[in-house]
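These notes are about the structure you will find just below.
The values are calculated or read from the model by the stated rules, or taken from the named source; none is laboratory data. Just so you know, these numbers come straight off a predicted model, no measurement behind them. For neighbour counting, all protein chains shown are included, and Cβ atoms are generated from backbone atoms with ideal geometry for every residue, glycine included.
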Amino acid sequence: MLKTLLSATLIFMTSIVVAQDNFEKSLDSVQTLDDVNLFFKKNKKAKGKVIVFNEEKHKTKMAEDILKMGIGSKKYFKDAPQKTYYKVIEKYEIPYYRVSCVYLDGSIKSLEEINNIRQDVISKYKQGYRFTDLAKRYSMDNTAKQGGDLGWFTYGDLHPEFEKQVLKENHSVNDIFTIDIPEIKAYYVVLMTQDKKLIEEAKVLKVTEPRK
């Protein structure tokens with residue numbers, strides 16, 4: 001009886017090890033984003049997705065460790081309740097930009113009122129007022145809370161017309177200018193706060209090994 005139990009246990013443990021090896025080998029075969037779809041077709045019980053880590057936006061120790069990894073590398077973090085792997089599929093640098101703005105809502109204020117406010121903001125900024133204080137006073141959206149700062153952004157993050165006028169006009173740091181987007185009744189005073197910066201990103205497959 002004891003011999004039978006030991007044999008059954010050995011077979012069970014061997015099957016777990018084989019399943020784990022097969023899962024890792026399948027994960028090792030993932031080299032591109034197209035491979036990710038094939039991986040999930042073969043491992044239907046696995047849960048995961050591709051996520052993007054950005055060196056400016058993600059400041060956790062995990063993100064720092066992952067961004068140091070090379071393409072094709074994988075690792076798991078022991079403190080997770082289930083064994084969760086992170087595998088780097090792509091790494092690249094893309095240009096990011098940073099501005100602060102005062103947003104004025106054309107559905108609430110007339111164009112005459114908006115232009116008067118914008119002239120006042122620009123005049124006060126040139127007199128030495130801090131733009132953060134002006135944004136907190138005049139801006140009509142949630143960015144007022146952070147002094148108008150939009151954070152780092154790249155192509156596709158904001159309204160196309162806003163991006164066009166910020167990114168393609170070769171503005172320098174501390175340039176202050178206006179942007180009109182009449183079709184959405186949005187009007188801005190914009191301050192360029194940072195030079196263009198190449199920021200590293202990594203596309204990573206995060207996948208949790210299925211429970212046995």
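Worth a mention:
- Of the residues making up region 137-164, those that are farther than 27 Å from I94 by Cα and in contact with an Asp or Glu (Cβ under 9 Å, 6 or more places away or on another chain) are Y138, M140, D141.
- Which listed residue is hydroxyl-bearing (S, T, Y) and more than 20 Å from F53 (Cβ to Cβ), from Y97, Y129, Y85: Y129
- Looking only at region 57-113, and only at residues there that are under 19 Å from the mean Cα position of the chain (by Cα) and of a type in the set (F, W, Y), the one that is farthest from E163 (Cα to Cα): Y86
- Qualifying positions in region 130-172 - among the aliphatic types (A, V, I, L, M) and either part of a helix (DSSP H, G or I) or closer than 20 Å to D195 by Cβ (or both): L134, A135, A144, L150, L158, V166, L167
- Residue check for K44: assigned to a strand (DSSP E or B) and not hydrophobic (A, V, I, L, M, F, W, C): no
- Just one of the listed residues (Y125, Y86) is outside the structural domain of S29 (by TED's automatic domain parsing) and of a type in the set (F, W, Y), and it is Y125.
- Unmet criterion (only one of (1) touching a residue at least 60 places away in the same chain (Cβ under 8 Å); (2) surrounded by 13 or more Cβ atoms within 10 Å (Cβ to Cβ); (3) in contact with a Leu (Cβ under 8 Å, 6 or more places away or on another chain); (4) of a type in the set (D, E, K, R)) for E201: (3)
- Note on region 63-121: among residues that are assigned to a strand (DSSP E or B) and of a type in the set (V, I, T), the one that is surrounded by the most Cβ atoms within 10 Å (Cβ to Cβ) is V102.
- So V190, is it more than 25 Å from the chain's Cα centre (by Cα) and either within 30 Å of V36 (Cα to Cα) or crowded, with 17+ Cβ neighbours inside 10 Å (or both): no
- Within region 128-183, the set of residues being surrounded by 14 or more Cβ atoms within 10 Å (Cβ to Cβ) and β-branched (V, I, T) comprises T132, T143, T154, V166, I176, T178, I179, I181.
- Cβ pairs under 7 Å, 6+ apart, first in region 177-196 and over 19 Å from I122 (Cα atoms), second surrounded by 15 or more Cβ atoms within 10 Å (Cβ to Cβ): K185/G106; K196/Y97
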